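The values are calculated or read from the model by the stated rules, or taken from the named source; none is laboratory data. Because the structure is predicted, anything quoted here is derived from the model rather than measured. A quick note on method: Cβ atoms are made from the backbone with ideal geometry, for glycine too, and the neighbour counts reach across all protein chains shown.
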Amino acid sequence: MAVSGMAEPIADKMQEGVKQGVFPGAVLLVEHKGRTVHHAAYGHACLIPNPEPASTDTIYDLASLTKPIAAVPATAFLVADGRLGLDVPLEQFVPELTQDALRQATIRHLLNHSSGLPAWRPLYEQIIPDGTRLRESRLAERRAAIYDAIHREPLTEPVGGRCLYSDLGFILLGEIVERIVKQEWAAFIHGAVFPRLGASDLFYMSESGPTGEVSLAGRRFAATEQDDWRGRIIRGEVHDENTAVMGGVSAHAGLFGTAMAVARAVTPWLAAVRGEASPIPTPWAKEFVRKQSIAPNGSWALGWDTPSTSPGGPPSSSGSYFSPASFGHLGYAGTSVWIEPERELIVVLLTNRVHPTRKNDKIRAFRPAIHDVIFQTVVK
């Protein structure tokens with residue numbers, strides 16, 4: 001249920017989303033000036049085989065929210081600590097890269113999605129053609145095969161030519177971080193990043209179970225897709241197939257958590273950008289959320305996106321009212337987070353819009369609409 005009486009227009013819009021089939025279910029959390037003004041669940045966590053209602057404790061596949069929640073603070077902390085430079089050529093970390101242009105690209109290019117790497121490739125099909133037999137092969141060999149494929153992947157754009165959102169770039173970023181810290185990704189995130197960030201109740205569903213110290217007793221996951229590759233409804237395991245080949249753990253996808261856990265993880269970014277006490281140094285936080293000027297007409301900062309609009313184009317997913325200083329991110333499974341520092345506003349929307357199929361993109365029109373309703377209800 002909502003925690004504020006003024007949230008009726010928000011609840012009405014969310015219920016409309018369920019009725020119109022935008023998503024089976026969702027959890028929406030809105031914080032304004034440090035106070036939770038809306039935190040409610042709508043619809044269902046699962047439709048197949050039997051409908052189950054969503055709750056505010058429902059655990060969602062966060063999909064690409066993994067990037068700003070895990071990969072971006074991991075990189076920011078390494079940069080702030082002097083262990084990593086944003087403008088160091090990638091060849092210094094991964095000499096195996098075969099594309100000369102990519103060898104000269106930098107960490108900044110990866111974070112800004114301007115490295116020239118393609119958005120996505122079905123690498124999982126090359127490595128494990130039959131997903132029902134995924135665990136019959138060694139995990140270390142699968143992860144190495146993913147990295148090797150990216151090392152050899154041809155660029156689709158010149159480095160710095162334009163922003164092209166790239167999962168492959170963030171997988172490569174994760175490999176670089178692992179090489180710097182000499183730890184596996186999940187161990188570093190849980191041991192050095194989340195504690196420093198003050199984040200909790202976030203985890204990967206690895207092949208050996210949840211990472212970190214989390215209890216799943218009595219807790220329910222939102223279901224995602226009926227996956228032909230794995231031959232089953234995906235629930236309690238990562239939806240992204242490339243991440244599945246990597247054992248459920250990657251820098252680009254794989255995190256699970258609740259809306260409250262997401263809000264707690266991004267609150268330090270809001271504080272830091274506003275110059276308030278935060279584990280993230282304010283100068284670096286401002287740099288990471290600042291729209292870069294590497295590629296023309298790009299909306300991307302460093303791992304964070306900023307509101308983007310173009311004449312005649314679709315509205316920003318943050319709607320019409322979030323200021324240019326805002327920053328956020330989307331996730332393929334139907335997740336998003338947007339932060340408006342000037343108004344001290346955080347909006348976390350977690351849905352399972354890919355359940356039971358990813359062939360549902362109604363959320364594209366719904367996202368800006370719900371953010372407009374939230375802004376008009378909470379801020380104005």
Flag if residue 269 is of a type in the set (Phe, Trp, Tyr), more than 30 Å from residue 319 (Cα to Cα) and not assigned by TED's automatic domain parsing to the domain that holds residue 141:
no
Filter pass, residue 169 being out of contact with any Phe, Trp or Tyr (no Cβ under 8 Å at 6 or more places or on another chain), in contact (Cβ under 8 Å) with a residue 40 or more places away in the chain, within 17 Å of residue 65 (Cα to Cα) and not aliphatic (A, V, I, L, M):
yes
Check residue 250 against each of (1) under 21 Å from the mean Cα position of the chain (by Cα); (2) surrounded by fewer than 21 Cβ atoms within 10 Å (Cβ to Cβ); (3) part of a loop (DSSP other than H, G, I, E, B); (4) among the polar types (S, T, N, Q) and name the one condition it does not meet.
(2)
Single residue of 167, 81 found to be within 23 Å of the chain's Cα centre (by Cα) and either of a type outside the set (A, V, I, L, M) or assigned by TED's automatic domain parsing to the domain that holds residue 289 (or both):
167
Run down 305, 240 and say which single residue is in contact with a Leu (Cβ under 8 Å, 6 or more places away or on another chain), of a type outside the set (Lys, Arg), surrounded by 21 or more Cβ atoms within 10 Å (Cβ to Cβ) and not assigned by TED's automatic domain parsing to the domain that holds residue 129.
305
Criterion violated by residue 89 - all others in (1) in contact with a strand residue (DSSP E or B) (Cβ under 9 Å, 6 or more places away or on another chain); (2) in the same structural domain as residue 280 (by TED's automatic domain parsing) satisfied:
(2)
Counting only residues that are farther than 10 Å from residue 112 by Cα, touching a residue at least 24 places away in the same chain (Cβ under 8 Å) and touching a strand residue (DSSP E or B) at 6+ places or on another chain (Cβ under 9 Å), how many does segment 265-307 have?
7
Does residue 147 fit the bill of being in contact with a helix residue (DSSP H, G or I) (Cβ under 7 Å, 6 or more places away or on another chain), among the aromatic types (Phe, Trp, Tyr) and either part of a helix (DSSP H, G or I) or closer than 24 Å to residue 240 by Cα (or both)?
yes
First in segment 237-249 and at negative phi and without any contact (Cβ under 8 Å) to a residue 40 or more places away in the chain, second anywhere and in a loop (DSSP other than H, G, I, E, B) and aliphatic (A, V, I, L, M), Cβ under 8 Å, 6 or more apart
243/249; 243/253
Out of all the residues in segment 42-80, which are buried (at least 24 other Cβ atoms within 10 Å of the Cβ) and either more than 30 Å from residue 279 (Cβ to Cβ) or not hydrophobic (A, V, I, L, M, F, W, C) (or both)?
45, 54, 60, 61, 66, 67, 68, 73, 75
Are any residues in segment 174-202 in contact with a Phe, Trp or Tyr (Cβ under 6 Å, 6 or more places away or on another chain) and either part of a loop (DSSP other than H, G, I, E, B) or not charged (D, E, K, R) (or both), and if so, which ones?
174, 176, 181, 186
Can residue 258 be described as among the β-branched types (Val, Ile, Thr), surrounded by fewer than 19 Cβ atoms within 10 Å (Cβ to Cβ) and at pLDDT 95 or above?
no
Quickly run through segment 164-185 and pick out the residues that are surrounded by fewer than 22 Cβ atoms within 10 Å (Cβ to Cβ) and either over 15 Å from residue 110 (Cβ atoms) or touching a strand residue (DSSP E or B) at 6+ places or on another chain (Cβ under 9 Å) (or both).
165, 181, 182, 183, 184
Is there a residue being in contact with an Asp or Glu (Cβ under 6 Å, 6 or more places away or on another chain), part of a loop (DSSP other than H, G, I, E, B), surrounded by fewer than 17 Cβ atoms within 10 Å (Cβ to Cβ) and of a type in the set (Gly, Ala, Ser) anywhere in segment 324-345?
no
How many of the residues in segment 350-365 are outside any loop (DSSP other than H, G, I, E, B), under 17 Å from residue 19 (Cβ atoms) and touching a strand residue (DSSP E or B) at 6+ places or on another chain (Cβ under 9 Å)?
2
Return the residue satisfying two criteria in turn: it lies in segment 291-308 and is in contact with a Ser or Thr (Cβ under 7 Å, 6 or more places away or on another chain) and of a type outside the set (Gly, Ala, Ser), and of such residues it is farthest from residue 159 (Cα to Cα).
307
